[in-house]
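Enquirer: One structure is given below, represented as C-alpha cells, and several questions about it will come after.
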Amino acid sequence: MVNEIIKSSSEAISEVQINNRDFYIADFMREIRNSLTAQLEQRHILFTMSCDENRLVHGDPDRLTEVIGNIVENAVKYGDGGAIQIRCALEEGHELIRIQNTGRPVDESEMASLFNSFWRGANAKGQSGNGLGLYISRLYLRQMEGELSAEILENGMAFILVLKIS
C-alpha cells in the first residue's frame, strides 16, 4: 500500500504543468526579496540578497517561486535562526542562485538521500513536513532544464539552483 501511495504521489507531481518562458532574473528576485523580507525580519533572521545583474533566463517563474520558498522555509525550520543569504551569479553559461543558511548541516551520510521522496533527516524530529519539498523542487528545476544541488558548509547548508540562460 505504501508503494502505491508513493507511486501515485510521484505521478501527480510529474503531471504538474511547467510553463517555461524567458524572464529577467534580477526583476524576479526583487519580487522574491520583497515577499521574504518581512517574514524573515519578524523572526529576527538576518537576510541578505545579491542578485543585481538582470540576465535573461529560461524557466517557470511560478514554480521557481515555489522552489525558493521551499528552500527558505527549510532554512528557517532547520537552520539556527541566524542568517539566510541568497546570491545570484553567472557561472559556466548558467544562472546560479545560491541559498545559504547558518546552522547545523545535515550529516554527510544523509547527503545521498537529501532529494529522495518522503525522506526526512535526523534533524527533522519535532518539525512538521512530509519529506517531499526538496524532491519536488529538484523535479521542477529539471523540468526547467536546470538542476538543484546541496553543499554542506562549516556552519550551515547551501542549496544551488541552476537555471538556463536564454
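Enquirer: Do any GluC sites (Glu not before Pro) in the stretch 11-73 lie in a DSSP loop with no more than 14 other beta carbon atoms within 10 Å, and if so, which?
Expert: GLU15, GLU53
Enquirer: Still on this structure: Between ASP22 and LEU153, what FRET efficiency comes out of the Förster formula 1/(1 + (r/R0)^6) with R0 = 30 Å and r the beta carbon distance, rounded to 0.05?
Expert: 0.40
Enquirer: Let me ask another. Where in the stretch 93-118 does the label zone of ARG33 land, with the point 7 angstrom along Cα→C-beta and an amide N cut-off under 20 Å?
Expert: 95-102, by backbone N distance to the label point.
Readers should treat all values here as calculations from the given coordinates under stated rules, not as data from a laboratory. Here the structure is a predicted model, which means the values were calculated and not measured. Cβ sites come from the backbone with ideal geometry, for glycine too, and all protein chains shown count toward neighbours.
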